[in-house]
1. Could you state how much accessible area LEU526 has, in square angstrom rounded to the nearest 10, with a 1.4 Å probe and all protein chains kept in place?
2. Per residue, what accessible area does the chain have, given a 1.4 Å probe and all protein chains present, in Å²?
3. Each residue of segment 286-292 in order: what ³J(HN,Hα) in whole Hz does its phi give by Karplus 6.51 cos²θ - 1.76 cosθ + 1.60, θ = phi - 60°, with x for Gly and Pro?
4. Which cross-chain or sequence-distant (5 or more) residues have an amide H under 5 Å from the amide H of SER132, H modelled 1.01 Å from N in plane?
5. Fully extended, how many nm does the chain gain between GLU12 and PHE289 (0.36 nm per residue separation, minus their Cα-Cα distance)?
6. At a probe radius of 1.4 Å, what is the per-residue accessible area of MET192, in Å² to the nearest 10?
7. Could you tell me what % of all Cα pairs in the chain have separations over 44 Å?
8. Could you list which residues have their amide H under 5 Å from that of VAL525, counting only those 5 or more apart in sequence or on another chain, with H placed in the peptide plane?
Amino acid sequence: MHRRDERFPQVEHQADLCVIGGGMAGLCAALAAARRGARVVLMHDRPVLGGNASSECRVHICGADRSGAIPYLRETGILEELRLDNLLRNPNREYPIWDLVLYDKVHSQPNLTLLLNCSCLDAQLSGQAIESVTGWQLTTQTYHTVEAKIFADCSGDAILAPLIGHPFRMGREARGEHGESIAPEEADERTMGMTCLFQAREHDSPQPFAPPAWAHRYHSPKELPYGARDLRWWRQGYWWIELGGEAHAIRDTEAIRAELLRITLGVWDHIKNGGDYGADNWAREWIQFLPAKRESRRYLGAHVLTQNDIEGEGRFPDLVAYGGWAMDDHPPAGFEGVKLGAPAAVFHPAPSPYGIPYRSLFSENTPNLMFAGRCHSATHAALSSTRVMGTCCSMGQAVGTAAAMATARNALPADLLGDMTNLQQALLADDCYLPWVRQEMPGLTSEGVLSASRGDPEPVRDGIGRPVGEDRHAWTCSAGDWIAYRFPGRRRVERVTIIGDSALDKNITLTLHHHSHAGAGLPGVLPRRLRIEGLRGDRWELLDQVRDNHQRLLRRPVGRDLDGLRLTIEALWGSGPGCLYAFYVS
Ligand SMILES: Cc1cc2nc3c(=O)[nH]c(=O)nc-3n(C[C@H](O)[C@H](O)[C@H](O)COP(=O)(O)OP(=O)(O)OC[C@H]3O[C@@H](n4cnc5c(N)ncnc54)[C@H](O)[C@@H]3O)c2cc1C
């Protein structure tokens, strides 16, 4: 156990849930739990949130829609909300502004205490369960100890595993262990490597570059993977400058970072000074000093997700999250292997979507431990798909929602296994997508008679919030269209929920690779101005007006006894038409 130095102060916190690691998985877990009423502490060791997606690493978030290649499979819920906030507030696609979008969301969330620059380095057990964790906050030279009912390790490196002696796995399973055809014959400790990216910008005049003496030298494009072709990725750097898979993915990080910088500066030297690449006016404006990690420790949880689970579509009864990225396995030799002609990545097919079970997100050994993100319970082969951050967000929201439900009942994560319907329905109500699971509509919505200014409005209460297969599950609308419920008598209406069209067939993620959302602002199909009216007798009365909606999920309180409720789309962000995927009352 870590010995605390008594010369430094110690601050104590009490929480229902303590989340460790504020990458995309941890951020979604913390927000989801706090929104559902749990007292949450998020302990994060960096000054900015988002992990690999933050301005410190600048990896773009991918997921089941494969960057728009498979329409309508984008992760909704908290991630969609963040992306739409980003479209509104960050039209120039600046990563530090994205940091601010993430910070604002967490900072503004009631019930959530954010401990930045605070690295978890100790944990205390009480019997089998975790009683508290302690972190060292660099900026204040203070220890923070958090006692909580449940702990969610979203640190990527599974920091709690060594601290409490929890079983974990690092490296690749043998083929025979789980019958995985893409696994190596023998198990090993090799992983996918880490990367330092860069960004370059074009200027009006020539930009000379002199590399430091310690940078590597590359004299010919033949010395570089892919020759000169991919050197065009100057705006965002090269993911294939990857190392560390043959070293220790945690202990050797600093040495690997030093080598990655030697390579990346050498590659840039080659582009600038080693041939005619048309890069005269280009200069680097950012270099990544914190290596982005793909893989290190993975928990051994109640279920270990495998290649076969993914290939079988993961139709688990306890499905609470989903993925859809290919099994994108990077050979451990990374850049060194690619230089010798090996592929930088091997894409093994995976279905999209596939389900991820709740059991891969909690421990059987430590009853109050959950995990999400790249340290969740999966084999190396399965992680090669689940590690993308859209999928990590889906897992994170499931963990946060489950933790809040469990702590509200004084229950443990495993106790929820008998109540998967409630957890799934809670996730669907918060606009998460769970393939093959339909949202149950509130009784008030089902008994109402639905009509609309045009078209068939019934899909707005069919419990599926996006197109699936040939079915759009949507009511098409333009500015001026209305949709209304009439109840069989006067009814108490507490709230109305609307799910609009945020262009799930487009790529709206923050990326510098292409210009899919650059300057485009919010999707033109998204409802912007809405009017909500209540029916009493034969009179429609104005209840609410929404002027600048920029979200897909919109919930508005009503709190009235009514005979009906009408929603009018007064304006979309563009000329439309758009659609509503859901409109229901409860
Ligand atoms: C170069 C590269 C390219 C990639 N390309 C893509 C891509 O295009 N799209 C995509 O979606 N994914 C991509 N990935 C994968 C993806 O970035 C990771 O799998 C993902 O970041 C995992 O998310 P996470 O939240 O689990 O972990 P992380 O993003 O690693 O976040 C975990 C956070 O926990 C913090 N932490 C760690 N230890 C502690 C501690 N002891 N105390 C407190 N906090 C702690 C860390 O600082 C970190 O910020 C790529 C990865 C790499 C390296």
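The values are calculated or read from the model by the stated rules, or taken from the named source; none is laboratory data. What you are looking at is a predicted structure, and each value in this text was computed from that prediction instead of being measured. Cβ placement follows ideal geometry from the backbone for every residue including glycine, while neighbour counts extend to all protein chains displayed. Note: accessible area is taken over every heavy atom of the protein model, side chains too, but ligands, DNA and RNA are not part of it. Shrake-Rupley method; radii C 1.70, N 1.55, O 1.52, S 1.80 Å.
1. Solvent-accessible area, nearest 10 Å²: 0 Å².
2. 38
3. 7, 10, 7, 9, 9, x, 7
4. For SER132, whose amide H was placed from the backbone, the distant partners under 5 Å are GLN124.
5. So the extension gain works out to 96.5 nm.
6. Accessible area, nearest 10 Å²: 0 Å².
7. 21
8. GLY574
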